1. Between 0 and 90 degrees, rounded to the nearest ten: what's the tilt of helix A:293-311 against the longest Cα principal axis of chain A?
2. Using a simple spin-label model with points 7 Å from Cα along the Cα→Cβ vector, what separation in nm is obtained for A:Ala155 and A:Lys268?
3. For A:His2, A:His219, A:His277, what's the fewest-to-most ordering of other Cβ within 10 Å of each Cβ?
4. Find the relative contact order for chain A and round it to a whole percent, using C-alpha pairs within less than 8 Å whose residues are 6+ positions apart.
5. Against the longest principal axis of chain A, how steep is helix A:69-101, in degrees 0 to 90 to the nearest 10, with axes from Cα atoms?
6. Kindly provide the Kirkwood hydrodynamic radius of region A:122-167 in Å, to one decimal, from all pairs of distinct alpha carbon atoms.
7. I'd like the per residue volume of the convex hull spanned by the Cα atoms of region A:1-130, given in cubic angstrom.
8. Cβ neighbours within 10 Å, averaged per peptide: list A:401-407, A:362-368, A:153-159 in order, most packed at the top.
Amino acid sequence: MHDLKLIRETPDAFDAGLLRRGMTPQSTKVLELDATRRKVQTELQDMLQQRNEASRAVGEKKRKGETADSLIKKVQTLKERIGEAEARERTLGEELEALLANLPNLPGPDVPDGNDEYDNVEVRRHGEPARPAFAAKEHFELGEALGLMSFDLAAKMSGARFVVLRGALARMERALASFMLDLHTGEHDYAEILPPALVRDNAVYGTGQLPKFAEDLFHTDDGYWLIPTAEVPLTNLVADEILDAEDFPIRVTAWTPCFRSEAGAAGKDTRGMIRQHQFSKVELVSIVHPDESDAELERMTGCAEEVLKRLGLPYRVVTLCTGDMGFGARKTYDIEVWLPGQGRYREISSCSNCWDFQARRMGGRFRTPGEKGTRFVHTLNGSGVAVGRAMIAVMENYQSEDGSIMVPDALRPYMGGLERIAAG
RNA sequence: GGAGGGAUGGCAGAGCGGUAAUGCAGCGGAUUGCUAAUCCGUCAACCCGAUAGGGUUGCGGGGGUUCGAGUCCCCCUCCCUCCGCCA
């Protein structure tokens, strides 16, 4: 949600930001609506004042035993006009709200301009992309050959974009998640949370998936939304809260299932576990002072990178261009892991600074000692990292020619000391 | 699923038809060797206004009754308690 006052003060900067995201300027429309609404509001308030004064006078007259018929008549005629003005004011307010609620966050000054993923800018690489001498297989070939990954079994009960894992691969999901949680809670100052996976409208509105992206989410008959990411419940921990400045930084992490309808992804990544309706992810969320959010984004990205470093997975970090950023983000780093089977880098984490955009939507504020009033917090979220995709990366990077998979050192303690996953 | 209770400013908490008590916290000021204490003001959001200041809204949300609604009536949402069921 955008700051109306800021749009009034600097409409050109607002439009320039939208333009960079490939949108048409909106400030004229916003400010027109805003001006009209304020005019109606002023007229309405004037009438309300008259009504209040008259009603008060009626009360006094009645107390004294005098008649107040003429005053009562006056208020009755006012009432009709008040009703009309109220209705207009409300309608204008709703229009304004609807307009603003559908506008994305503005890109930060250091975000590269561009249309799509091809305009993203690589920031750094870590590790050498593995190019084995034999023909590297994709994860689903490996998993199916091992008999530990079945899309057919999943399709029987759930249809496309689901998987059944068993044995060592099922365990690896759990191992990866435990490893990541231990790292972030033990070394990165994140507190482990176990949040709800079903949430209400207001929570999903707060993080920005609603109202614009409802079709990307699953919804229950009785009004719940299945979380598409733990970003939703974790960030909403500060919804409607007024924090103390000394509470910062708040860092929370959670391993949760994530549910996505993938409505707009028909035909994309149809084979394998890359794009599923259900997957699990370890999420990182930071709530920080506005002065700290830029630095926190770097820190958070580093926390996610550390997961890949310890798993020995080659990756690169890219800054998303204006055209590829998500709705609520002001700046986003994607971490892309190397997949030998596909012979390319694929997204495994996305770390965003949302600035005060989500905080404004959900009413997350803080108070500074010695200062009057409240300010909105800054929120950040990042995958630390997507567990399913991490498993894919481990499988493809640690595969041998015979189809077996080495277990990375970092995971062995979590897998009962298992060193290699092999058929049989 | 059944029965009951509740939702008021950052927090606590009164009010039950006539301009939202009070306490704590916060902010501004006064006083005071320092601290503490005390006193006064302020205390949310919004509108008008260059400022001073003025005004409106705000008692979970929406509608209704009334000259006037936190207070009365209707609908909805959420929270809590007890019973039942249940991992």
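Where a number appears in this text, it was derived from the coordinates with a stated rule and is not lab data. Here the structure is a predicted model, which is why all the values come from computation and not from measurement. Cβ placement follows ideal geometry from the backbone for every residue including glycine, while neighbour counts extend to all protein chains displayed.
1. 20
2. Distance between label points: 2.2 nm.
3. On the way: A:His2 22, A:His219 15, A:His277 18.
The most exposed by this proxy come first: A:His219, A:His277, A:His2.
4. Working: 802 pairs, mean separation 84.1, N = 424.
The value is 20 percent.
5. Here the helix axis deviates by roughly 20 degrees.
6. Working: mean 1/r = 0.0768 Å⁻¹.
This gives a value of 13.0 Å.
7. Numbers: hull volume 20.0 nm³, N = 130.
Expressed per residue, the convex hull around the Cα atoms of region A:1-130 is 154 Å³.
8. Details: A:401-407: 16.3, A:362-368: 19.1, A:153-159: 12.6.
Answer by packing, highest mean first, reads A:362-368, A:401-407, A:153-159.
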